[in-house]
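Please treat every number below as a calculation from the coordinates, not as lab data. Being a predicted model, the structure only gives us computed values, none of them experimental. Cβ sites come from the backbone with ideal geometry, for glycine too, and all protein chains shown count toward neighbours.
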């Protein structure tokens with residue numbers, strides 16, 4: 001899914017499954033830069049195939065923020081982190097990670113941070129509701145557990161498929177050896 005020349009984009013909110021659109025990709029980008037697109041929100045150009053918003057590189061959802069301990073929020077945009085700082089959800093000492101480079105730093109040391117960047121500009125675009133950084137820990141744990149179970153299921157299936165393929169390869173190698181031996 002690439003945004004080039006596509007007019008009909010849809011945003012599906014993770015929390016409510018509410019769909020916004022069709023809109024131009026520039027509108028989706030504006031929403032992302034205004035902290036209106038959450039990491040678990042989905043995008044589509046046809047309302048059939050949905051992609052998580054951070055998977056669309058043009059949205060530059062490249063930042064993770066450490067909420068507490070090992071709990072991370074994101075990936076999200078630099079502008080969203082600035083918005084979170086403006087409303088007091090994070091501060092200049094909050095650890096953040098650039099997903100593209102793996103570099104860790106505090107928000108105050110981020111290349112996009114400046115005092116001028118902290119000045120809030122009014123939004124003129126009607127947009128989906130903002131998502132906050134406060135994530136229900138129980139909900140997040142359930143999501144991670146479900147994801148882990150699915151990954152384990154997929155791993156088991158992959159291991160079974162590999163085992164079957166290895167047996168097939170051994171059978172084919174044995175046949176080949178028999179054929180080669182029969183010719184000698």
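Sort 60-71, 168-179 by the packing proxy (mean of other Cβ within 10 Å over each peptide's residues), most packed first. Before the final figure, lay out each step's value.
Values: 60-71: 15.9, 168-179: 9.9.
Taking the mean over residues of other Cβ atoms within 10 Å, the ranking is 60-71, 168-179.
Fewest first, what order do 14, 73 take by the number of other Cβ atoms within 10 Å?
Numbers: 14 16, 73 25.
Lowest to highest Cβ neighbour count: 14, 73.
Pop a pseudo-label 7 angstrom from the Cα along the beta-carbon direction at both residue 180 and residue 16 and give the gap in nm to one decimal.
6.7 nm
Compute the relative contact order of segment 9-132 as a whole-number percentage, counting only Cα pairs closer than 8 Å that sit 6 or more residues apart in sequence. Don't skip to the end; give the middle numbers.
Details: 204 pairs, mean separation 26.9, N = 124.
For segment 9-132, the relative contact order is 22 percent.
In what sequence, highest mean first, do 30-38, 50-58 appear when ranked by Cβ atoms within 10 angstrom?
Values: 30-38: 22.7, 50-58: 16.3.
Those peptides, ordered most packed to least, come out 30-38, 50-58.
Using the per-residue mean of other Cβ atoms lying within 10 Å as a proxy for protection, in what order, highest first, do the peptides 82-88, 106-112 fall?
Details: 82-88: 16.7, 106-112: 14.1.
Averaged packing, sorted descending, gives the order 82-88, 106-112.
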